[in-house]
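Right, one structure below, let's go through it.
Read-outs: derived from the displayed coordinates by stated rules, not from any lab. None of the values given here were measured: they were computed from a predicted structure. Neighbour counts are summed over all protein chains in view; Cβ atoms, including those assigned to glycine, are modelled from backbone coordinates with ideal geometry.
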Amino acid sequence: MKRRDFSTRLVGGTLGMALAPLAHAQGGPVEGQQYVKLGTPAPVTLPPGKKVEVVEFFWYECPHCNSFEPLLEGWTKKLPEDVSFRRVPVGFTARHQAAQKLFYALEGMGKLDALHRKVFAAIHVQNQRLLSEQDMVAFVSANGVDGAKFSETFRSFDVATKANKAKSLSDAYKIDGVPAVGIQGRFYTSASLAGSHERALAVTDFLIQRSRSGA
């Protein structure tokens, strides 16, 4: 989904993506076609022992992010030990920012692993609206999370700070649609660039190797 389309909720599975064919030069993805190289590098946060950072930019309400999630989850389980992966929710509008805070509140409470996929399912399978804090409290409470504690975390300075940093990072990568994958603060790709979700991950693998070699 492109940024300009985000004001209207799209129903998962009903909108086809305009996908570019995957071209190759010397057997590899082509800069400017399957991926973009940033003119100004974005910040990179690497834990000890890691050499390459990969970031997925997403939005819980995006049907394409929902479709991408199972593939992405399987791909992350096979990442090399020196690769650090993290998800970053975009904050283009107030609606996106509410979803950002949901993500970081769940993370802050240690509930993200348990509920991340359930948030997608609630929106795209069960047709629940998770637009307001009240909606979110009802959702987390139904999934065994203390609603009052969630609200306290949702409104916290820590969550607001993380959301602001997430917006700054997506701005640095010049992200205008999701899902998108940023690599080492230098490159990004997406299904609309690569041709499909699977090809976007293949391009990401290529860019991980390129980043690791310093090329």
With the condition kept exactly as written, say whether any residue in the stretch 51-61 is touching a helix residue (DSSP H, G or I) at 6+ places or on another chain (Cβ under 9 Å) and either in a helix (DSSP H, G or I) or of a type in the set (Ser, Thr, Tyr) (or both). yes
Expected output for the stretch 84-112 (first residue closer than 14 Å to Val137 by Cβ, partner of a type outside the set (D, E, K, R) and outside any helix (DSSP H, G or I), Cβ below 6 Å, 6+ apart or cross-chain) is Lys111/Val145
What's the total number of residues in the stretch 156-199 that are farther than 20 Å from Phe92 by Cβ, aliphatic (A, V, I, L, M) and touching a Pro at 6+ places or on another chain (Cβ under 8 Å)? 1
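Filter the stretch 80-95 down to the residues that are of a type in the set (A, V, I, L, M) and either over 20 Å from Leu112 (Cα atoms) or loosely packed, with under 13 Cβ neighbours inside 10 Å (or both) and list them by number. Give the derivation first.
Residues of the stretch 80-95 that are of a type in the set (A, V, I, L, M), as a first pass: 83, 88, 90, 94.
Matches in the stretch 80-95: Val83, Ala94.
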Search result, residues across the stretch 191-209 that are within 15 Å of Cys65 (Cβ to Cβ) and not in a helix (DSSP H, G or I): Ser196
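So is Leu201 within 22 Å of Pro80 (Cβ to Cβ), in contact with a strand residue (DSSP E or B) (Cβ under 6 Å, 6 or more places away or on another chain) and of a type in the set (A, V, I, L, M, F, W, C) or not? First the steps, then the outcome.
Details: within 22 Å of Pro80 (Cβ to Cβ): yes; in contact with a strand residue (DSSP E or B) (Cβ under 6 Å, 6 or more places away or on another chain): no; of a type in the set (A, V, I, L, M, F, W, C): yes.
No: the conditions fail for Leu201.
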